[in-house]
Amino acid sequence: NDAQEGNTTSHEATKQSEDNGNDSHTPDMVNTLNSNSAESHQEASSDQHHHQGDSHPKSDGEQKDTDTLAEPAPSHVAPSIVIGASSEAHPVPQEHRQNESQDVPKQVDHDHTKVLDDTVSKNLDMDFQKEVNVNSKANEFQKVGNDKPKPYECPLIHSYDTPHKATALNKWLHSPKLAKAPASKTFTYHYVEGPDVSGKQIGANLFAKLLPDNALKTLWDIHPWEVHIGGDDLLHAQPTCARTDVSYSPYVSRPHMHYTSILKDKRSFYFQPQPFQAPTNTHGSDVFTMLEHCGLLATGILETIKRSGGSIGGWIVLPSYDHHINAANYLSCQSVPFIRDIKRFIKQVVVFSQVQFQIPHIGSDGALNIQTSRIQLQNQVALYLHAGQGTPKMGDPITINMNMKKDLAWGLARLKLDGKDEMTIVHLRFAIHPSIIAAENITMIRDFYKYIHEYFSPEQFTKTVTSTSCFYPFENGWIKFPRTRGNAPPPNAGYTVIDYRLPEGKARTLLEHVRVSANFSCGHLLVYEMSSDQSDSYFFTPTQECYQKFKGEWSPAEALNILMGHVPFGSQLVVLGISIRTSSSLLLQLNFQQYAVAEGLSAEETLSKLLFDNSKFLTYRAKDGSLVKHTVFENPWTLVPDDKTFTPTSLDFSKTSQTPNTVLARAPPTVIWRDVRRVAACLGSISTFKLSSLTNTFEQVVEVTYEHAESALLAEGFQLGCVKMETMQSQTSKRDALLCLDNTVAEEDRLLAAIISAGTIYGSVEELEAIRHGIERLEFEDNVS
């Protein structure tokens, strides 16, 4: 028994020692887990603080949530614990380590892997059951920058339709300015603030000028834009037909410094810089000439494309300093210096003549509103620029007269009674040598007409030269005599330049007679057709060496003699037109049909090679314009006096006859009776046409009775030229029911054109034909008698 008890005691001791060994081993493995997790958590925390920076401290709750999101999947945790790697293990939160130490059983099997799997699985189940705060990450970062502009900063891009009572530009004008802020008043712009017609507080540039709405609509229909560079709250380049909003960038935002920021988002623009050509002593750092504006714009376009790619397009509106040049000849005849930087981007030319600008006006109550300026003699040219990908082809040049008079001729043209198209007018530019001016005693434009008729009219028209019996019309001529400029030579080498416009058929006859004359061959009488795009025109100028060698001896006649002296024997170079650029440079329109060419060379290549080798002259294509400025010494800002429209006084209609379908035709006493009747006939057939008793010294009043009541309704508000129709009572709704408006007609002419079209239904065409036959019959009887 003692032996058995001893064996039992020794067996229990052995078992106890084994149990103690197992108990001591299990905490060691758990401590290894805790130490690995602690080290991994410390490294992850340090990395996380390194990325977030010291400026974003976290609370304990945020730190715990972040650690929870960063916990790994179970398949990645177990191997790291078995291997015992401390640096690569994923972190385990502190509270989880406490749970581990509490949940480890005191009695475990010898299978350590099973113990670890149960422990880790239990801990992970507890972790995934916790709610994760998804928004905690978003709250860790603070937004950099503030969209709300500071009161002393003028935003770069403004919106017209702001819901606030005061615009951002108005607030900037009110706020105190920093030392380096742009001045609100300079030599070329003057910004003021005040209410508009609706009462909103706005900012406006008092020196601004903008094309009229119908001109803006024309440009918008061709290529719309997104931003108006240089605009303001009052004058914004957004036509009434535009359905999309257009932003603007005022000059006080200094858009010239931020073209890349503007054009990066706004890929199409409208820009009408101030017409400022030369700096003065009073200009500031934010004042630029047109040359500088165009240069900055070209640089901004190229820099934006270089950085952001894509393409940029937009309109730039500039003054045209020769109001005789149309769009087709602008690039070849009006190459002014300030477009040299943007010339390579030009894809279309639109010229507006007789422009009446939109200008700002301050009323007596201080409100800012838009008014219309007087008619400008100087044309405005809109150039469409495009750079980058998808370059469009060159657009057709467009010339638009903005001051078309709505007179009787305009109304009859709407009816197209002759059944043929409008007469084509050809613009010819003559340059006459001083010797001819002196010999023919040409001192006025009428003397030029007589000179043309005497030498170049068909024989049957040369006997009597008057304004009524002439072959070439005594009209549409503009003469410019050369003026001395101190010690400088006279412009155009002393030649007198005359612009003459006449019908196409007579212009062709005149060109043929001038080209075969001796004065044209020797260079004393030059003529050039300016109306069409001459693809066979070339610009010739001597090299600098050649020019300096004969400096002071140059003249257009001498230059022409040099150019024509190179023609090979047996060859012929036909000159169709000549225009002066300088005393040594000419623009020639040539015909190469009979010109001999060298082997392997084209006609123009042969011409260029021979002129350079023999005469040291350079040859350029003139289709896209020469590089020489065309000098004009007229005052470009001369204003054409406004035509005083006929505004008749009120009449006492009780003294008129109350015959149905009767209206009154009122006109000044200078308008002949026949034209008054023709205007009235545009509304329909006339039954009676007699002078009213209301006629006085200052106007003639005619009672017109129509056969149709609808014609009398159409007379309300109808006026052609100085003849105005008036009805006894207003019936606008009935009149409008008879009209069919044509949207293809300009908005200001739409109502008038619709009335004339409606008159054709009620016999206007037949009535006008009867009047015309009556006039012809009377003229025939006068000739017979």
**Report entry** With 5 Å bins from 0: P(r) over segment 145-265, alpha-carbon pairs, percent
**Finding:** 2, 11, 20, 24, 21, 14, 6, 2, 0
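So what is the diffusion coefficient of segment 486-559 in µm² per second by Stokes-Einstein at 10 °C and 1.306 mPa s, using a Kirkwood Rh over Cα pairs?
Details: Rh = 15.0 Å.
Answer from the Stokes-Einstein relation: 106 µm²/s.
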Query - Extension gain (nm, one decimal) between Thr670 and Leu601, 0.36 nm per residue minus Cα-Cα - result: 18.3 nm
**Report entry** Förster radius 60 Å - calculated FRET efficiency between Ile775 and Gln593, Cβ distance, rounded to 0.05
**Finding:** 0.80
Query raised in the report: Assuming R0 = 25 Å, what is the FRET efficiency of Cys241 and Asn403, from their Cβ-Cβ distance, to the nearest 0.05?
Result: 0.75
Requested in this report: Taking H placed 1.01 Å from N in the peptide plane, check which residues at least 5 places from Leu618 or on another chain put their amide H under 5 Å from its amide H.
Outcome: Thr541, Thr543
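Pop out the carbon and sulfur fraction of the accessible area of segment 161-267 as a percent, whole number, probe 1.4 Å. Present the calculation step by step, with values, prior to reporting the outcome.
Working: 2580 of 4830 Å².
Summing carbon and sulfur atoms, their accessible area is 53 percent of the total for segment 161-267.
Excluding ligands, DNA and RNA, what is the solvent-accessible area per residue of segment 701-759 at a probe of 1.4 Å, expressed in Å²? Don't skip to the answer; put the middle values down first.
Values: 2660 Å² over 59 residues.
On a per-residue basis, segment 701-759 sits at 45 Å².
What's the extension gain from Ser693 to Ser285 if we count 0.36 nm per residue and subtract their Cα-Cα distance? Please report the intermediate quantities before stating the final value.
Working: separation 408, 0.36 × 408 = 146.88 nm, distance 6.85 nm.
Stretched out fully, the Ser693 to Ser285 stretch lengthens by 140.0 nm.
Between Ile425 and Thr659, 0.36 nm times their residue separation minus their Cα-Cα distance comes to what? Show your work: numbers first, answer last.
Values: separation 234, 0.36 × 234 = 84.24 nm, distance 4.62 nm.
Contour length minus the Cα-Cα distance gives 79.6 nm.
Could you state the accessible area per residue of segment 156-204 in Å², with a 1.4 Å probe and every protein chain left in place? The partial results should precede the final answer.
On the way: 2690 Å² over 49 residues.
Averaged over the residues of segment 156-204, the accessible area is 55 Å².
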Query raised in the report: Along the charge dipole of segment 232-337, which of Ser308, His236, Leu291 sits closest to the positive end, that is, farthest toward it, with unit charges on the beta carbon of Lys, Arg, Asp and Glu (+1, +1, -1, -1)?
Result: Ser308
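Dividing the convex hull volume of the alpha carbon atoms of segment 203-290 by its residue count, what do you get in Å³ per residue? Before the final figure, lay out the partial values.
Values: hull volume 9.4 nm³, N = 88.
So the per-residue Cα hull volume is 107 Å³.
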Query raised in the report: Within segment 662-688, what residues put their amide N at less than 13 Å from the label point 7 Å along the Cα-to-Cβ vector of Glu766?
Result: 684-687
Query raised in the report: Hey, rough spin-label estimate for Val516 and Arg750, points 7 angstrom out along Cα→Cβ, what's it come to in nanometres?
Result: 5.4
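The values are calculated or read from the model by the stated rules, or taken from the named source; none is laboratory data. What you see is a predicted model; the values in this text were computed from it and never measured. Glycine gets a Cβ as well: all are built from the backbone with ideal geometry, and neighbour counts include every protein chain shown. For accessibility, only protein heavy atoms count, side chains too; no ligands or nucleic acids. Shrake-Rupley method; radii C 1.70, N 1.55, O 1.52, S 1.80 Å.
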